[in-house]
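Rule-based calculations on the coordinates, nothing more; no lab input. In this text the structure is predicted, and so the values were computed from the model without any measurement. Positions of Cβ are backbone-derived with ideal geometry, glycine not excepted, and every protein chain shown enters the neighbour counts.
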Amino acid sequence: GSIREAIVIGPENAGAARIDEYTPTADPTYGGGDGGLYLRFVVEELKPTVDATFRTRTGAADTVMVGSSLGGLITSYAGVTHADTFGAIGVMSPSTWWDGRVILSLVSGSGPVRPLRVYLDSGDSGPSSDDVDNTRDLAQVYTSLGYADAGVFRYTVQAGGTHTEAAWASRLPGAMGFLLGRGR
């Protein structure tokens with residue numbers, strides 16, 4: 001199926017601050033934990049600039065955040081802390097293992113305002129098996145919050161999928177079709 005017209009904003013984050021900015025809490029081994037500040041930048045500075053510059057639909061129902069790996073972790077966290085801004089989230093191969101699987105409790109304890117749609121995926125292969133077991137547990141948390149309807153939640157495990165850009169690229173069309181499909 002086709003997707004609605006969309007403006008894609010892709011902030012580059014390959015520098016040393018990536019771990020700090022893409023993690024909701026500090027991990028005892030890796031540090032980090034400045035994800036709240038990063039999301040504040042996205043919500044309070046980046047999105048208003050985009051909305052002022054382009055012809056956008058500014059509401060949460062039309063605002064999607066997607067990320068993979070640590071980007072998937074921070075996207076899942078954005079669904080907890082900024083569901084009033086991001087009405088749909090695409091969480092691809094999230095680093096669910098981060099800080100003792102803290103994202104499971106953060107999502108579980110999220111407030112009454114939640115994203116309207118959640119896409120979650122992982123592969124099942126490679127050195128880390130793409131964190132498939134922990135991500136399956138995260139899918140169960142979303143299901144326990146009421147994300148059971150196929151129209152609001154999609155969880156996919158790609159057989160043979162690894163924790164790589166190529167695997168994420170192959171799953172992105174399905175993710176975007178679900179998050180931005182016509183009629184949504």
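Quick notes on this one:
- Summed residue charge, Cβ within 11 Å of Tyr147's Cβ, Lys/Arg positive, Asp/Glu negative: +2
- Other residues within the sphere of radius under 14 Å centred on the Cβ of Ala167, judged by their own Cβ, net out at -4 (K and R +1, D and E -1).
- Percentage relative contact order, region 52-184, counting C-alpha pairs under 8 Å, at least six apart: 23
- Rg to Rh, two decimals, where region 60-184 supplies the alpha carbon set and Rh follows Kirkwood: 0.93
- Length released on extending from Leu37 to Ser144, taking residue separation times 0.36 nm less the Cα-Cα span: 35.7 nm
- Once divided by 2.2 N^0.38 Å, the Cα radius of gyration of region 1-124 becomes 1.04.
- Under 5 Å, built H, 5+ apart or other chain: amide partners of Phe153: Val118
- Amide H contacts of Gln158: Ser122, Gly123, Asp124, each under 5 Å away and 5 or more positions distant or on a separate chain (H built 1.01 Å from N in the peptide plane; Pro and chain starts excluded).
- Of all DSSP beta bridges confined to the chain, the antiparallel ones make up roughly 10%.
- C-alpha center-to-center spacing [region 115-158, region 24-102] in angstrom: 17
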